[in-house]
1. When the residues of the range 23-66 are filtered to those that are among the hydroxyl-bearing types (S, T, Y) and closer than 18 Å to T3 by Cβ, which remaining residue is nearest to the chain's Cα centre (by Cα)?
2. When the residues of the range 100-119 are narrowed to those that are free of Cβ contacts under 8 Å to residues at least 12 places away in the same chain and assigned to a helix (DSSP H, G or I), which ends up farthest from the chain's Cα centre (by Cα)?
3. Taking the range 4-20 on its own, how many of its residues are among the hydroxyl-bearing types (S, T, Y) and under 18 Å from R31 (Cβ atoms)?
4. Output the residues belonging to the range 66-99 that are β-branched (V, I, T) and either under 30 Å from E54 (Cα atoms) or touching a residue at least 40 places away in the same chain (Cβ under 8 Å) (or both).
Amino acid sequence: MKTQEDVSKFIQFRAQGFSFDKIAKKLKIARRTLINWSNKYAIEIANLRSERLEALREEYCLSVEAKVRMWGQAVNRITEEIARRNLRNVTTDKLLDMLVKAQSKLEQSYIEPVFISEDEIEEYRKWYEAIESLQKQDILGSSHQKCTKSAPFLHQIQNPESLPSHKNDKDAESQ
């Protein structure tokens, strides 16, 4: 008999990228059942896989802030080393090339900051609370809980083009 523990293990294994054949052997469950579970628990698997990837990115300093910090420090170290060197030295060309590359990486890591008003923050909070309320009433089902934890607010911050546009006073007066 298949238990909830089997389902949980299946979700963990799929999130880790194990094949259906490998999971079938480990859990001693038919491959067809696992494929059905894969469809049924696709959101849970995707969420867990995303959590694992996020943890790996964090572990290996791949966050935007970490990249900016890392490349900024590289630019500083290279600049300091260039200042100490005699520019007639042949290896300085390589060092200058490193500086250009590090500066380019630093510039690529830049993200335009997005600022939203207190009213917009309040609007996102209300939207989030409405989702939470629906989840508590089990209208959306528990499978959507992980998807919506921080999605509305973070999605808006990460996708500035989806933020409501701000009109300045002149625009407001002309309408």
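1. In the first step, residues of the range 23-66 are kept if they are among the hydroxyl-bearing types (S, T, Y); the result is 33, 38, 41, 50, 60, 63.
Applying the additional criterion that residues be closer than 18 Å to T3 by Cβ yields 33, 38, 41.
On the way: T33: 31, S38: 23, Y41: 21 Å.
So the residue we want is Y41.
2. It comes out as V100.
3. 1
4. Across the range 66-99, the qualifying residues are V68, V75.
Each row is one residue, and each column tells you yes or no for (1) of a type outside the set (A, V, I, L, M, F, W, C); (2) within 30 Å of K105 (Cβ to Cβ); (3) surrounded by 14 or more Cβ atoms within 10 Å (Cβ to Cβ).
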{"residue": "T3", "(1), (2), (3)": "yes, no, no"}
{"residue": "I11", "(1), (2), (3)": "no, no, yes"}
{"residue": "F20", "(1), (2), (3)": "no, no, yes"}
{"residue": "T33", "(1), (2), (3)": "yes, no, yes"}
{"residue": "N47", "(1), (2), (3)": "yes, no, yes"}
{"residue": "S50", "(1), (2), (3)": "yes, yes, no"}
{"residue": "A66", "(1), (2), (3)": "no, yes, yes"}
{"residue": "N76", "(1), (2), (3)": "yes, yes, no"}
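Listed here are the residues, each with its yes/no results for (1) modelled with pLDDT under 90; (2) assigned to a helix (DSSP H, G or I); (3) of a type in the set (S, T, N, Q); (4) over 26 Å from A55 (Cβ atoms).
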position: K2; (1), (2), (3), (4): yes, no, no, yes
position: V7; (1), (2), (3), (4): no, yes, no, no
position: Q12; (1), (2), (3), (4): no, yes, yes, no
position: K25; (1), (2), (3), (4): no, yes, no, yes
position: I29; (1), (2), (3), (4): no, no, no, yes
position: N36; (1), (2), (3), (4): no, yes, yes, yes
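The values are calculated or read from the model by the stated rules, or taken from the named source; none is laboratory data. As the structure is a prediction and not an experimental result, all values here were calculated from the model. Quick reminder, even Gly has a Cβ in these numbers, built from the backbone with ideal geometry, and neighbours come from all protein chains shown.
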